[in-house]
Amino acid sequence: MAVIIEVLNKQHKVIERHRFTQPRIALGRAYNNDLILYDKHVSPHHAELVLGGDGRWQLVDLASLNGSFVEPLQPLTQATGLQSGQLCWLGEQALRIYDEHHPVPAALPYNNIEQRLRRFGHPALIVLLVLFLLAEELFSLWLAAPEQNQNRWSRNLLNLPLLMLGLSLWPALLAIWAKINQHEARFLPQLGLTFAAVALMECWQALMTVLNFSLNGAAAVVWLGDIGQTALVILLLTANFYLALQISVLKKVALASGLGLLLSLQGVAVSLLFENQNNLQPQFDNSLMPLTFYLNKPVSSEEFSKDSDELFRQADEAREEPLQR
Amino acid sequence: MRLQTFYCALLSVLLLLYSAQGRADSAEQLFARFEPALLQVRVLERASGAKAAIGTGFVLENPALVVTNYHVVSEAVLAPEKYQLEYLNSGQQKGALQVLAVDVINDLALISTEYRAPHPFQIQLTKPVQGATIYSLGNPHDLGMILVPGTYNGMQKYSFYPRIHFTGSVNSGMSGGPAVDVNGQVVGVNVASAGNQLGFLVPADALQQLLLRYQQEGQSKDLRADIERQLLASQQAMYSEMLKADWKLKDFGIGKVPDEVVDFVRCWGESNVDKDKDAIKKVTAFCSQSEEIFLSQHFTSGRVEMQFEWLEGKDLHPLQFFSLYEQNIARANADNQALKEDVTAFECQHQVVQQPTGQHAKMIYCVRAYRAYAGLYDVLYLAASLDHQQQGLISHYTLSGVSQDTARAFSQKFSGAVSWQ
């Protein structure tokens, strides 16, 4: 009966897989072994796998220097029968032994989501996204610095590649992480995903700016903006982790949500902590845009002065409240 | 004949000498006579016994009270549990003082004392003539009582609160000291300095009014309530004068804005029109009644400020123009000093408003209430016109220490005065 030997690394990931049909298999570092190992703590002729009379494979230690062990880490003193799938160690070299009838899990269907996410790695899409982000960045430079100041423009333009490089750091990090864990790096899909998410965030921000002006700086717009940003961050992280990590979907979503919420809560916490110090400064919405961007109906002067009267009432109420020191 | 001429000449020389001698004597004599009636007023922190503030006070003949500035004794008025008052006279004697009445608008306080001076001061209600020599007395920087000769130069023109313009040094510590004419009669009370021989005095008639009120009403039962009443009455008087005036308007870019609407509101202006490097042309006009009422160390009130900005960015895209435009209304704040112990946080509203004439503006209106004085508020208003793609008119005012009715009336008058196409 044939035997399958998996050579494992320190993290118990399979690095080699061999199938033998002979009844006696010599294991060790010497070149005349059937399976040649290269861990330096393995003896030249370390152990043997022998097919027993009962059809079970037995591991026999050949008086090796560092000994042999079977799961759960018991030192081998005599020939020991192995279960199919049992782990054993020659010195520190881990092996897993299967007989050929050992059941294997059913084939996994293509993961739909994963397939779709990988499409973000299409070079054309990435080029398109990069162009969009550059255009957006140029637009905001143009808005903020209309002076025909050559120096300032060229300095800002030189910063653009740096900005793109900065944005690529996160996908690079994910790719390296995946590679360390012996998965596909998938750098391009991660890059595409990150750029797409940043582009979406910029669009969301632009939408919120118009909405903020149209709704006169309503608190709801601020909340909507924050919630949208957080949702986008969580979505991006979930997609990133989907491609980079080999953990269950539930764990990926939980990890992404936790990290995303933490990032956005940090902003909220900062504003809550420092809000009180600034409260002598009047807080108002100063957004101004051309009137075409105002999607709401303007109020009349009478309504405005009526609302002003309400402010006096609110100030009187605040006056009644005890002062917090 | 020759002898007669000689005697005449001798006589005139002697007369000249005598008169010069006489004038020099009078300043010295004045100081010697009145020095015992001058007191250093000290605010002591009860816990440490250390001086928190010092000023000068003077003893009046009738009634026998001490006069000083409200701002010298404000801590003892507002926090009597923490501060107490003490005087130090020329004989280095100390004694207790008690505040009887205050006038925050004219920065005066009446104080009772057991100390009696041999030559107390009298009030002179007739104003000196322009250019007359007057003497300011006081104890600058705790260096000892001094006499500063100077000139009476009429009333300060551009202040709603009456002040004598005194050409002579009034230094800190001299606050609350008297300014006397050559006869030693009080024509004013030292109150402030604008540096370089430019001093301000509260006129004697303001002191006389406080004395009359005290003689009618007696010692104040609640100084804080008095202050509140005075603030309400003062803002009422100032704004009714402003509101009933016919506001002069001036052309200002795309619109019209008020100019110096009453005597005590002064306007200034600046622009960057001749600078080519700025993308936005900006013209600013700034009007104010900048004299303020002292309420406590970090709390002032009584100012009015109006500001107008006309912006134009001919070479800019409307989006570019508006992104710069909005930065111009980002930082508005009250122009009086206050701590959060004194006022509530600003409550604001911000909306796009369509005016009856059809024009649009983003308007911001903020209100904060005075914690210690009911019915008084600071108000801030900002409006930015939205009817042009590359031009904008910002109108802005802040009022400090006004009632809701005053604020409403001012708002109406102001909105009616500012216009643009």
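No lab work stands behind these numbers, since they all come straight from the coordinates. Everything quoted here is computed from the prediction, not taken from an experiment. Glycine also receives a Cβ, built like all others from the backbone with ideal geometry; neighbour counts cover every protein chain displayed.
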- request: Using a Förster distance of 60 angstrom, determine the FRET efficiency expected from the C-beta separation of B:TRP268 and A:ARG116, and round it to 0.05.
  value: 0.35
task: Determine the shielding of peptide B:364-377 by partner chains: average, over its residues, the number of Cβ atoms on other chains within 10 angstrom of each Cβ.
output: 5
query: Can you pull the three principal axis extents for the Cα set of the range B:178-219, in Å, largest first?
result: 40, 24, 13
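Over the protein assembly as shown, what number does the Rg to Rh ratio reach, with both radii from the alpha-carbon atoms and Rh per Kirkwood? Write down the numbers at each step before the final one.
Numbers: Rg = 43.2 Å, Rh = 34.3 Å.
Value, to two decimals: 1.26.
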- prompt: How high is the relative contact order of chain B, in percent, with contacts defined as C-alpha pairs under 8 Å that are six or more residues apart?
  reply: 11 percent
- line: Here the gain from full extension of A:LEU295 to A:LEU65, 0.36 nm per residue of separation minus their alpha-carbon distance, amounts to 74.5 nm
- prompt: Residues with beta-carbon under 15 Å from that of A:LEU191, excluding A:LEU191: net charge, scoring Lys, Arg +1 and Asp, Glu -1?
  reply: +3
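Tell me whether the range A:153-246 comes out rounded, prolate or oblate; compute the Cα gyration tensor, take square roots of the eigenvalues as a ≥ b ≥ c, and use a/c under 1.5 as the rounded threshold.
Details: a/c = 4.02, a/b = 1.58, b/c = 2.54.
Oblate shape, in that a/c is at least 1.5 and b/c is the bigger or equal ratio.
Can you give the mean number of other chain Cβ atoms that lie within 10 Å of the Cβ atoms in peptide A:294-300? Kindly include the intermediate steps, with their values, before the conclusion.
Numbers: counts 4, 0, 2, 2, 10, 6, 4.
For peptide A:294-300, the averaged partner shielding equals 4.
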task: Would you mind checking the radius of gyration and Dmax of the range A:1-50 based on alpha-carbon positions, in Å?
output: 11.0, 31
message: If the elastic network links every pair of Cα atoms under 10 Å, which of A:ILE126, A:ILE227, A:ILE97 fluctuates the most in the Gaussian network model of chain A?
response: A:ILE97
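Between beta-carbons, use under 14 Å as the cut-off and find the net charge around B:LEU212, counting Lys and Arg +1, Asp and Glu -1.
Numbers: positive: B:ARG213; negative: B:ASP103, B:ASP205, B:GLU217.
Cβ neighbours under 14 Å give a net charge of -2.
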query: How well do other chains shield peptide B:381-394, expressed as the mean number of their Cβ atoms within 10 Å of each residue Cβ?
result: 2
field: Base-10 log of normalised Debye intensity for chain A (one unit scatterer per alpha-carbon) at q = 0.11 Å⁻¹
entry: -0.92
task: Assign one of three labels to the range A:1-153, namely rounded, prolate or oblate, based on the Cα gyration tensor with a ≥ b ≥ c the square roots of its eigenvalues; rounded applies when a/c is under 1.5, prolate when it is not and a/b is larger than b/c, and oblate otherwise.
output: prolate
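Using only C-alpha positions, report the orientation-averaged shadow area of the convex hull of the range B:354-421, nm², one decimal. Let's see the in-between values first.
Numbers: hull surface 18.7 nm².
In nm², the orientation-averaged hull projection of the range B:354-421 is 4.7.
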message: Using Cβ counts within 10 Å as a stand-in for footprinting exposure, how do B:LEU339, B:LEU319, A:LEU236 rank, fewest first?
response: B:LEU339, B:LEU319, A:LEU236
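Taking a threshold of 29 Å on the Cα-Cα distance, which of the pairs B:LYS248/B:LYS282; B:LYS244/B:LYS340; B:LYS282/B:LYS413 fall above it? Walk me through the intermediate numbers first.
Numbers: B:LYS248/B:LYS282 22 Å; B:LYS244/B:LYS340 34 Å; B:LYS282/B:LYS413 25 Å.
Those over the limit are B:LYS244/B:LYS340.
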- request: Determine, for each peptide in B:405-415, B:382-392, B:238-248, B:208-218, the mean count of other beta carbons within 10 angstrom over its residues, then list the peptides with the highest first.
  value: B:382-392, B:405-415, B:238-248, B:208-218
message: Give the aspartates and glutamates reachable from A:LYS252 as a straight Cα distance under 19 Å; neighbours fewer than 8 places away on the same chain don't count.
response: A:GLU114, A:GLU184
message: For a Förster distance of 41 Å, can you work out the FRET efficiency between the beta-carbons of B:SER90 and B:ALA237, rounded to the nearest 0.05?
response: 0.55
query: Sorted from fewest to most neighbouring beta carbons within 10 Å, what does the list B:THR344, A:THR209, B:THR357 look like?
result: B:THR357, A:THR209, B:THR344
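Give the average over all directions of the projected area of the C-alpha convex hull of the range B:208-262, one decimal, in nm².
Values: hull surface 23.1 nm².
Average of the hull's projected areas for the range B:208-262 equals 5.8 nm².
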- request: Could you please state, rounded to a whole Å, how far the C-alpha centre of the range A:150-193 is from the C-alpha centre of the range A:21-45?
  value: 45 Å
field: Förster radius 56 Å - calculated FRET efficiency between A:LEU169 and B:ASP405, Cβ distance, rounded to 0.05
entry: 0.40
statement: If B:SER169, B:SER290 are placed from fewest to most neighbouring beta carbons inside 10 Å, the sequence is B:SER290, B:SER169
- request: Search the structure for amide H atoms under 5 Å from the amide H of A:GLN86, placed 1.01 Å from N in the peptide plane, and list their residues when 5 or more places away or on another chain.
  value: A:ILE97
Those lysines that a straight Cα-Cα span of less than 26 Å connects to A:LYS251, excepting residues fewer than 8 apart in one chain: A:LYS10, A:LYS13, A:LYS179
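Give the percent of DSSP beta bridges with both residues in the protein assembly as shown that are antiparallel, rounded to the nearest 5. Numbers along the way, then the final one.
On the way: 140 of 146 bridges.
Bridges in the protein assembly as shown are about 95 percent antiparallel.
Mind running the shape call on the range B:77-120? Use the C-alpha gyration tensor, a ≥ b ≥ c as the square roots of the eigenvalues: rounded below 1.5 for a/c, prolate if a/b tops b/c, oblate otherwise. Display every interim value, and only then the final one.
Details: a/c = 2.62, a/b = 1.42, b/c = 1.85.
Oblate, because a/c is 1.5 or more while a/b does not exceed b/c.
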task: Between A:LEU95, A:LEU207, A:LEU131, find the one with the highest GNM mean-square fluctuation for chain A; connect C-alpha pairs within less than 10 Å.
output: A:LEU95
P(r) of chain B over all Cα-Cα pairs, binned every 20 Å from zero, in whole percent: 23, 44, 25, 7, 1
- request: Among the lysines, select those whose C-alpha is under 17 Å from the C-alpha of B:LYS82, and discard any that sit fewer than 8 residues away in the same chain.
  value: B:LYS51
- prompt: In the range A:205-301, if every C-alpha pair distance is counted and binned at 5 Å from zero, what percent goes to each bin?
  reply: 2, 11, 15, 15, 15, 13, 11, 8, 5, 3, 1, 0, 0
- line: Site A:HIS12, offset 7 angstrom along Cα→Cβ, radius 14 Å on amide nitrogen, limited to the range A:32-71, gives A:70-71
statement: In order over the range A:60-71: 3J(HN,Hα) from phi, Karplus 6.51/-1.76/1.60, θ = phi - 60°, whole Hz, x for each Gly or Pro, gives 10, 7, 9, 6, 6, 5, 9, x, 10, 9, 10, 4
